[in-house]
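Asks: Take this structure first; my questions come after.
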Amino acid sequence: MSASATATPPVATQVRTERLFAALPLPDNAVADLAEVVSDLNIARRGAPSRPGATGRRPATGRLVRSENWHLTLAFLGDVPESRCAETAEVIAAAAREAAPMRLCVSGGGRFGRGRYSVVYAGLDGDVAALVDLVHSIRAGLLAGNLPVDQKQYRPHVTLARPGDRVTNQQAAQDLLTLRRYYGPSWTANELVLYRSDFGKGPVGAQPKYTPVASAPLGG
């Protein structure tokens, strides 16, 4: 028997990756103001105890995104090899340098999708054209570097909840009417942040943890 017939096949090396996205953080006053409105929406109402005699209450009806996780996503990259994370941060920083600080305001809102896949969001007002230009700059830099990036049509928004079919059509309509009337405090966005999204490190059903891995000043 030849040596080649008994040779052990090579073991594929698993590439370690990080799940990344680029975003603008929301200032504390904008988060607090929006959170006060969201807390009164139907999607924020908590259900009855999960079983007779239980003392705890069910999570909010609408699978709310925690306010500390609110952000304005500009580019979603998905899984990026760890060996290319530093390069990714450089691309993000280069796009930030070509931009300028911009005045923004959380305003209005709406709903993406239907049924169990729906998403309730808050909209944006202010220097939106400059924001979209920054998005295109980030995407161009990532694509030029052969790095992954979601290329769907960009719609600036802050994801608030994923209610699915847990609220009635009437409740959803009430929430959307409230959001469409909302106009929050404005702020100057001056920092672009690259975040890592960590899943699977908490209890079942836990929300992801977003950790900043790099940041760059706009116009810096």
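Asks: Averaged over all directions, how much area does the convex hull of the C-alpha atoms of region 137-181 cover when projected, in nm²?
Replies: 4.8 nm²
Asks: Now a separate question. If I take R0 = 35 Å and measure r between the Cβ atoms of ALA100 and ARG45 in this structure, what FRET efficiency does the formula 1/(1 + (r/R0)^6) give, to the nearest 0.05?
Replies: The calculated FRET efficiency here is 0.25.
Asks: How many percent of all Cα-Cα pairs in region 156-199 sit more than 11 Å apart?
Replies: Everything past 11 Å amounts to 80 percent.
Asks: Ratio of region 67-216's C-alpha Rg to 2.2 N^0.38 Å, to two decimals?
Replies: Here the Cα radius of gyration is 1.13 times the empirical estimate.
Asks: In nm, what is the difference between 0.36 nm times the number of residues separating VAL15 and PHE112 and their Cα-Cα distance?
Replies: 31.5 nm
Asks: List the residues of region 124-147 whose backbone N lies under 16 Å from a point placed 7 Å from the Cα of SER83 along the Cα-to-Cβ direction.
Replies: 146-147
Asks: If packing is taken as the average number of other Cβ atoms within 10 Å across a peptide's residues, how do 169-181, 137-149 rank, most packed first?
Replies: Order by mean packing, descending: 137-149, 169-181.
Asks: Just grab the label-to-label distance for ASN146 and SER67, each label 7 Å out from Cα along the Cβ direction, in nm (one decimal).
Replies: My value for the distance between the label points is 4.6 nm.
Asks: Taking the convex hull of the alpha carbon atoms in region 67-144, what volume per residue do you get, in Å³?
Replies: Per residue, the Cα convex hull of region 67-144 comes to 141 Å³.
Readers should treat all values here as calculations from the given coordinates under stated rules, not as data from a laboratory. Quick caveat, the model's predicted, so the values are computed rather than measured. With ideal geometry, Cβ positions are generated from the backbone for all residues, glycine too; neighbour counts draw on all protein chains shown.
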